[in-house]
1. Testing the spin-label approximation: label points 7 Å from Cα along Cα→Cβ at residue 69 and residue 81. State their distance in nm.
2. Could you state the principal axis extents of the C-alpha atoms in the chain, from the largest down, to the nearest angstrom?
3. When the chain is modelled as a GNM with alpha-carbon springs shorter than 10 Å, which of 54, 122, 75 fluctuates the most?
4. Please build a GNM for the chain, connecting alpha carbons under 10 Å apart, and tell me which residue among 41, 17, 138 fluctuates the most.
5. Name the residue from 124, 21, 104 whose Cα lies farthest towards the positive end of the charge dipole of segment 9-143, charges +1 on Cβ of Lys and Arg and -1 on Cβ of Asp and Glu.
6. Quote the charge dipole size of segment 9-143 about the Cα centre in Debye, to the nearest 20; the model charges only the Cβ of Lys and Arg (+1) and of Asp and Glu (-1).
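What follows draws every value from the coordinates through simple rules; no lab data is involved. All values reported here derive from a predicted model rather than from experimental measurement. Cβ atoms come from the backbone with ideal geometry, glycine included; neighbour counts cover every protein chain shown.
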Amino acid sequence: MPQSLSSVYIHLVFSTKGRRAFLKPDSMREALHAYLGSVSKQLDCPPMRVGGVEDHVHILARLGRGVTQAEWVKELKRVSNDWVKEQSHEYDDFQWQAGYAAFSVSHSVVDKVVNYVSRQPEHHRTISFQDELRWMLKEQNMEFDERYVWD
C-alpha cells in the first residue's frame, strides 16, 4: 500500500499531583482545556474533546501517525505544566501526576466518549476521580495495583 492510513482514537486521563484542586476556577479549567487541545493538534493528534474537573483532565484525540502515545502524553503534560505555572503565582506548586491512563476507543463509540468527556462536571457530582478511574480500568479489564495508581 503506497499510502499510510491510521484511525486510532485514544481516551487519555491524567490528574494533578495528589489530585489537588488546582483547576477549580471555571475560567482556568476552560483555558487549560483549550490549550491542551491546541497542543494536541500541533502534535498531529487532533482532539475530539478535552474536558475534566478541578483535579484531572480527559482528552479524546485521534493519535497521529508520527508520534507515539508516550511522546504525545509526555509533551502534553510538559508544556501544559509550564503554561499553568505562567498563569499566576498561585500555581507555582502545580504538577501533573507522573502516570496516566489511556484507552483505545472504537470509531463507533467516539460520539459516546465525546459526550462522556463533555459531561465531566455533572458526572463528578456523584463519583470521585478515584472511583471513576477504578471503574474505567475494570471496564477495560486492566490489572492495576492501588499502591502505584495514585501519586
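1. It is 2.1 nm.
2. If we take the Cα atoms of the chain, the spans are 53, 33, 28 Å.
3. 122
4. For the chain, modelled as a Gaussian network with Cα springs under 10 Å, the answer is 138.
5. 104
6. 260 debye
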